[in-house]
1. Does at least one position in segment 106-116 carry a residue that is at positive phi and surrounded by 20 or more Cβ atoms within 10 Å (Cβ to Cβ)?
2. Could you give me the residue pairs with C-beta distances under 7 Å whose first residue belongs to segment 177-188 and is over 21 Å from residue 120 (Cα atoms), whose second residue is part of a helix (DSSP H, G or I) wherever it lies, and which are 6+ apart or on separate chains?
3. Within segment 193-207, how many residues are under 17 Å from residue 152 (Cα atoms) and under 25 Å from the mean Cα position of the chain (by Cα)?
4. Just wondering, is there one or more residues in segment 37-48 that are buried (at least 21 other Cβ atoms within 10 Å of the Cβ), assigned to a strand (DSSP E or B) and either in the same structural domain as residue 218 (by TED's automatic domain parsing) or within 16 Å of the ligand (Cβ to nearest atom) (or both)?
5. Is segment 314-322 home to any residue that is under 20 Å from residue 109 (Cβ atoms) and part of a helix (DSSP H, G or I)?
6. Among the listed residues 253, 294, identify the single one that is surrounded by 24 or more Cβ atoms within 10 Å (Cβ to Cβ) and closer than 24 Å to residue 139 by Cα.
7. Using the structure shown, decide if residue 183 is within 16 Å of the ligand (Cβ to nearest atom), surrounded by fewer than 18 Cβ atoms within 10 Å (Cβ to Cβ), farther than 30 Å from residue 41 by Cβ and modelled with pLDDT of 95 or more.
Ligand code: UT7
């Protein structure tokens, strides 16, 4: 039996910071409301000339280095993003060229904020069926470039980041169980239009800019709490384990209230949960891999630990993965 195991992770966080005082200067809000309703204090923002693949390349290079392989050994690069540089080429091809990963196939996919778990699930299939040995899963988003800065209910949430992981064939236990899913009946709860003309959608936006992000915050919150708790429960059940066996849960960092309600539903306490949303906000698909890379850097994860990574996002989608480090 070949196992799929994360062998290296990396993250990239842009330098510029928007704190809550910045939002007080552009919309009718205040630090007290943002802190109480979201837990977010700061978000990092990409430079005007810095885009998804620029950040993805930086995180990917670190993940490959930490995995102790060469870029030529990669068999596949997949990039999850909702803010691509281009419709074509795929951002994964741009990353492939920058890395010199000449033997890797490359494609992009979109599962919004559930992107990293979806990527791990794809990698796990290719590795366990024996087709590939090393798959690079990279998630990067520049949500701040799609943010509606006239909409006080969404503009305070988003930051930019990239996170990456090399998933390799291993004899050791790695990605034990995954659970991904979607509820397309909630598709209009988070939207950002491409070619489709949709007057109703455009009208909903404070800025009336159809390509900015719009979200039904309360609907998404309700979905998120249940989806994350249920998906985590399912991966544990598949593995015949309980939360007592888990050292750390890394959730999508969307809103402290969502995480808090989800972990109460899971029946676990905050000491088992990795949180960094105060500093980075919601960085879309990058949230989970960049948090994982940070947790590794900070020594929060040791060999043999069991982890749950769990998220939700546009689609509406969800995903959970249970791993042994
Ligand atoms: O990864 C993508 C997934 N997205 C998310 O995870 C987001 C999920 N949703 C949320 O995090 C929350 O719904 C929000 C943070 C977006 C909003 O929090 P909420 O507790 O759901 O607030 P609300 O939308 O029910 O609004 C409550 C009040 C409203 O005023 P009225 O109608 O009661 O007078 C809003 O206009 O708060 C007002 N409000 C604000 N006030 C000050 C909304 N945004 C702000 C703001 N500052 N920034």
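The values are calculated or read from the model by the stated rules, or taken from the named source; none is laboratory data. Treat the numbers as computed from the prediction; the structure is a model and nothing was measured. Cβ sites come from the backbone with ideal geometry, for glycine too, and all protein chains shown count toward neighbours.
1. Within segment 106-116, the subset at positive phi is 112.
Those left that are additionally surrounded by 20 or more Cβ atoms within 10 Å (Cβ to Cβ): 112.
Within segment 106-116, one or more residues are at positive phi and surrounded by 20 or more Cβ atoms within 10 Å (Cβ to Cβ).
2. 186/219; 186/223
3. Result for segment 193-207: 1.
4. Yes, some residue in segment 37-48 is buried (at least 21 other Cβ atoms within 10 Å of the Cβ), assigned to a strand (DSSP E or B) and either in the same structural domain as residue 218 (by TED's automatic domain parsing) or within 16 Å of the ligand (Cβ to nearest atom) (or both).
5. Applying the first criterion (under 20 Å from residue 109 (Cβ atoms)) to segment 314-322 yields 314-321.
From what's left, part of a helix (DSSP H, G or I): none.
There is no residue in segment 314-322 that is under 20 Å from residue 109 (Cβ atoms) and part of a helix (DSSP H, G or I).
6. Values: 294 fails: surrounded by 24 or more Cβ atoms within 10 Å (Cβ to Cβ).
Going through 253, 294 in turn, the sole match is 253.
7. Working: within 16 Å of the ligand (Cβ to nearest atom): yes; surrounded by fewer than 18 Cβ atoms within 10 Å (Cβ to Cβ): yes; farther than 30 Å from residue 41 by Cβ: yes; modelled with pLDDT of 95 or more: yes.
Yes, satisfied.
Residue-by-condition table, conditions (1) modelled with pLDDT of 95 or more; (2) within 14 Å of the ligand (Cβ to nearest atom); (3) in contact with a strand residue (DSSP E or B) (Cβ under 7 Å, 6 or more places away or on another chain):
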{"site": "269", "(1), (2), (3)": "yes, no, no"}
{"site": "276", "(1), (2), (3)": "yes, no, no"}
{"site": "291", "(1), (2), (3)": "yes, yes, yes"}
{"site": "306", "(1), (2), (3)": "yes, no, yes"}
